[in-house]
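A short worksheet on the structure shown next.
The values are calculated or read from the model by the stated rules, or taken from the named source; none is laboratory data. It should be emphasised that the depicted structure is a prediction, and the values quoted were computed from it without experimental measurement. Neighbour counts are summed over all protein chains in view; Cβ atoms, including those assigned to glycine, are modelled from backbone coordinates with ideal geometry. For accessibility, only protein heavy atoms count, side chains too; no ligands or nucleic acids. Shrake-Rupley method; radii C 1.70, N 1.55, O 1.52, S 1.80 Å.
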Amino acid sequence: MTLKVAKFGGTSLADAQQIRKVQQIIQADAQRRYVVPSAPGKRHKDDKKITDLLYLCHAHAQQAIAFDEVFTLISERYRCIASDLGLKIDLGPQLAEVQSRIASVAQAGGGADYAASRGEYLNGLIIAELLGYDFVDAAEIIAFDEHGRFDSERTQAFVSQRLLKHETAVVPGFYGAKPDGSIKTFSRGGSDISGAIVARGVGATVYENWTDVNGLLMADPRIVPNPKPMAVVTYRELRELAYMGASVLHDEAIFPVRKAGIPVNIRNTNEPEHPGTMIVRDAEPVTHHGSITGIAGRRDFTVVALEKGMMNSEVGFGRRLLSVFEDHGVSYEHTPSGIDTMSIVVADNQIDGKLEKVLADIRNRCEPDSLEVFPQMALIATVGHGMAQTPGIAARVFTALAKAGVNIRMIDQGSSEINIIIGVQNADFEKAQRAIYAAFEA
Ligand code: ASP
C-alpha cells in the first residue's frame, strides 16, 4: 500500500488561487493522506510572508508597543483566503486569541516561537477545512525536549498514538512543543523538516515536497542559463552538491527520511504534471549511466602546495604537515598529493590572517624544497553516480574545460568515484561551470 505525505511551501499557499491548486493536487491522489502546510508566503516579490509579520508582532509586543496594525494585515490575509475559498470557517475567535497571546507571552519574556508558529497553525485550520481532512496540531505530535532539542522517540510514539488514528490529516509545519507545552519552532524554512518527520513517522512510501520549481536544478541558474532539473539524485550525491554550495533541501530536512530510506519527490504546485526531482536511496540502481547528476562550486580558496624530494618515503610527513593546520585551528577541504608533492586546499575564511604563521611553521616542521601559495582559487564539483565505472566522463570534463580555455590547477576525485573536483582560478569559476554543463547537456 502506498502512502504519501505532501508538504506544501509558502508560495504554494500564498492565496486562495494557489490553495485551489493544492486542493486539486491532493484530490487527484487518494494516497496523499497527510498534508503538512507552511504559512502563506509571498504573493509577489514585494509582498510580506505571514511568518515575518508574526515575528514583527512579537518584536513590538516585547517592547510593549501596540501591534494592531501589523496584526490586521495578518488577519485580513487569512480572512481573505477563507472567504475567497468560500469556506464557512470563522477564524475570528482564533485570531483574537492569537493576538492576545502574542502580547501576553512576550510580556512574560518568551514567545517568538509561539508567535511565528501561528502562521502554520491558522493555515492548517483552513487547509483542513477545505480538504475535509482532520486537523492535528503539531504541538501534539512533534516533540522537543526541555532544552529545545527535537525528540525523535517521543515524536514517533505520538505519531503512532495520535496521528495514525486519522485516515487523513493536516499537520501544520514548522513547530512542535516542549514537555511543558510551550511552542518550539525549527529553524526558518522548517516546515520541510516537519514534513520529513511526519513522513518517517507514518512510514510513508514517498515524501512529496511541493514548491514553486520543477525540482532541484543541475547547476546554479545564476551561472548556467536555464539548467535542467535533475530527474533522480541519490542522498549521497545531494550531500556532495550541497557541500559544494548548491542550495538544496536542508540537511536536517533530509535526515529523517534518509534514515528511513524514504524517497523525497520535489514537485511544482504550479506545474503538477511535471515529475520533479526524485531523491532516492544511495543503493538504488543507477538510472543515468555515463552521465552526470549536477554541478556545484564554491569560490575563495587558497591552495598551499609543497614539494619535497623523497617525501613519499618519509614516515609521518603528511601528519606533520596537517598538524600545522590543526594547531592553527584551520580546517582543510582537500589534500591532493603526488609522489613528492602535497597540496592543502583551505577556504579563505579559515586561513585569513593566519597564512604567514602557517607557512612559517610548515617551513620549520616539514622543511620543504619549495612552498607555494595559490590564492583566489575556486572549486567545482561534478557529481554523478553514473560516472563510476563509466570510461570517458573525466575526459569530457577536461576536454570541455580545455576548449573553454580554463586552466585546471588541481584535480581531486574522491574514492567514491561519484565526484570529480577541480580547482580553477576564481576568475574562471563561471566559465568552467558553463563549459562542464554544456558538455553533458545533450
Ligand atoms: N513559515 C516558516 C518560515 O517562513 C517555515 C516554512 O515556511 O517552512 O520560515
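Assuming residue 143 fulfils every condition listed in (1) away from the ligand (no atom under 16 Å from the Cβ); (2) open to solvent by 10 Å² or more (accessible area, probe 1.4 Å) apart from one, which condition is it?
(2)
Please pick out the residue among 53, 87 that is open to solvent by less than 60 Å² (accessible area, probe 1.4 Å), under 17 Å from residue 15 (Cβ atoms) and within 25 Å of the chain's Cα centre (by Cα).
Matching residue, one of 53, 87: 53.
Go through the stretch 177-201 and report how many residues are in contact with a Leu (Cβ under 7 Å, 6 or more places away or on another chain) and either near the ligand (Cβ under 8 Å from one of its atoms) or not in a helix (DSSP H, G or I) (or both).
Final tally of qualifying residues: 1.
Contact list please: Cβ distance under 6 Å, first residue in the stretch 1-30 and more than 17 Å from residue 198 (Cα to Cα), second residue within 16 Å of the ligand (Cβ to nearest atom) and of a type in the set (Phe, Trp, Tyr), pairs at least six apart or on different chains.
12/210; 22/8
Answer yes or no as to whether residue 129 is more than 26 Å from residue 17 (Cβ to Cβ) and without any contact (Cβ under 8 Å) to a residue 60 or more places away in the chain.
No, not satisfied.
Just to verify a result, which residue in the stretch 109-135, among those that are open to solvent by less than 10 Å² (accessible area, probe 1.4 Å) and more than 12 Å from the ligand (Cβ to nearest atom), is farthest from residue 71 (Cα to Cα)?
128
So if I check each of 43, 33, which one is under 20 Å from residue 79 (Cα atoms) and not in a helix (DSSP H, G or I)?
Answer to the selection: 43.
For the stretch 301-334, which residues satisfy the criterion of being of a type in the set (S, T, N, Q) and either touching a residue at least 60 places away in the same chain (Cβ under 8 Å) or more than 18 Å from residue 369 (Cβ to Cβ) (or both)?
Of everything in the stretch 301-334, those that are of a type in the set (S, T, N, Q) and either touching a residue at least 60 places away in the same chain (Cβ under 8 Å) or more than 18 Å from residue 369 (Cβ to Cβ) (or both) turn out to be 302, 323, 331.
Restricting the stretch 146-176 to residues that are among the small types (Gly, Ala, Ser) and away from the ligand (no atom under 16 Å from the Cβ), which is surrounded by the most Cβ atoms within 10 Å (Cβ to Cβ)?
169
I need the full set of residues from the stretch 58-75 which are closer than 15 Å to residue 108 by Cα and within 16 Å of the ligand (Cβ to nearest atom), in order please.
Initial filter on the stretch 58-75 (closer than 15 Å to residue 108 by Cα): 58-65.
Residues satisfying the conditions are 58, 59.
Checking residue 229 against (1) of a type outside the set (S, T, N, Q); (2) away from the ligand (no atom under 15 Å from the Cβ); (3) more than 19 Å from the chain's Cα centre (by Cα), which test does it fail?
The number of the failed condition is (3).
Determine which single condition residue 312 fails, assuming it passes every other condition in (1) of a type in the set (S, T, N, Q); (2) under 25 Å from residue 397 (Cα atoms); (3) open to solvent by 10 Å² or more (accessible area, probe 1.4 Å).
Looking at each condition in turn, residue 312 falls short on (2).
Any chance you could count how many residues in the stretch 202-226 are part of a loop (DSSP other than H, G, I, E, B), within 16 Å of the ligand (Cβ to nearest atom) and not acidic (Asp, Glu)?
Of the residues in that region, 1 qualify.
Listed here are the residues, each with its yes/no results for (1) surrounded by 15 or more Cβ atoms within 10 Å (Cβ to Cβ); (2) touching a Pro at 6+ places or on another chain (Cβ under 9 Å); (3) assigned to a helix (DSSP H, G or I).
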residue: 391; (1), (2), (3): no, no, no
residue: 394; (1), (2), (3): yes, no, yes
residue: 398; (1), (2), (3): yes, no, yes
residue: 402; (1), (2), (3): no, no, yes
residue: 407; (1), (2), (3): no, no, no
residue: 411; (1), (2), (3): no, yes, no
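Looking only at the stretch 239-262, filter to residues that are over 15 Å from the mean Cα position of the chain (by Cα) and not hydrophobic (A, V, I, L, M, F, W, C); which one of those is least open to solvent (accessible area, probe 1.4 Å)? Write out each step before concluding.
Applying the first criterion (over 15 Å from the mean Cα position of the chain (by Cα)) to the stretch 239-262 yields 259-262.
Subset that is not hydrophobic (A, V, I, L, M, F, W, C): 259, 261.
Details: 259: 140, 261: 21 Å².
It comes out as 261.
Please tell me if residue 43 is modelled with pLDDT of 95 or more, out of contact with any strand residue (DSSP E or B) (no Cβ under 9 Å at 6 or more places or on another chain) and either of a type in the set (A, V, I, L, M) or within 16 Å of the ligand (Cβ to nearest atom) (or both).
Here the answer is yes, as residue 43 does meet what is asked.
Open to solvent by 50 Å² or more (accessible area, probe 1.4 Å) and at pLDDT 95 or above: does that describe residue 348?
It is false that residue 348 is open to solvent by 50 Å² or more (accessible area, probe 1.4 Å) and at pLDDT 95 or above.
Any idea which of (1) open to solvent by 30 Å² or more (accessible area, probe 1.4 Å); (2) assigned to a helix (DSSP H, G or I); (3) touching a strand residue (DSSP E or B) at 6+ places or on another chain (Cβ under 6 Å); (4) not hydrophobic (A, V, I, L, M, F, W, C) is the one residue 434 doesn't satisfy?
The failed condition is (3).
Is it true that residue 101 is open to solvent by 30 Å² or more (accessible area, probe 1.4 Å), in contact (Cβ under 8 Å) with a residue 12 or more places away in the chain and assigned to a loop (DSSP other than H, G, I, E, B)?
no
Residues in the stretch 116-156 that are assigned to a helix (DSSP H, G or I), closer than 23 Å to residue 30 by Cβ, in contact with a Leu (Cβ under 9 Å, 6 or more places away or on another chain) and not β-branched (Val, Ile, Thr): how many?
Here the count works out to 4.
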